[in-house]
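The values are calculated or read from the model by the stated rules, or taken from the named source; none is laboratory data. Nothing here was measured: the structure is a model prediction, and the numbers come from that model. All Cβ positions, even for glycine, are placed from backbone atoms using ideal geometry, and neighbour counts span all protein chains on display.
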Amino acid sequence: MTTVYVYVMNTMVDWEIGCCLAELHSKRFFRKDAGEISVKTVSFSKEPVS
């Protein structure tokens, strides 16, 4: 399994990573035998980002 980490900051907006996450989910450009992908979000603190 491959893990992709997304660093979340106060200055980002939702559409900035939307296209990337959609492509990772669809896997349309991956090989047919590609493994699963896990997406994890990380940030500087545990406070909500808005």
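May I ask you to list the residues in segment 11-34 that are in a loop (DSSP other than H, G, I, E, B) and either modelled with pLDDT of 90 or more or loosely packed, with under 10 Cβ neighbours inside 10 Å (or both)?
Just the residues of segment 11-34 that are in a loop (DSSP other than H, G, I, E, B), to begin with: 11-14, 27-34.
The answer is T11, V13, D14, R28, F29, R31, K32, D33.
Residues of segment 1-23 being within 20 Å of E47 (Cβ to Cβ) and of a type outside the set (A, V, I, L, M, F, W, C), which ones?
Narrowing segment 1-23 to residues within 20 Å of E47 (Cβ to Cβ): 5-14, 16-17.
Within segment 1-23, Y5, Y7, N10, T11, D14, E16 meet the criteria.
In contact (Cβ under 8 Å) with a residue 12 or more places away in the chain, surrounded by fewer than 10 Cβ atoms within 10 Å (Cβ to Cβ) and of a type outside the set (D, E), is that true of T3? Talk me through it step by step, then tell me what you get.
Numbers: in contact (Cβ under 8 Å) with a residue 12 or more places away in the chain: yes; surrounded by fewer than 10 Cβ atoms within 10 Å (Cβ to Cβ): yes; of a type outside the set (D, E): yes.
Criteria met by T3.
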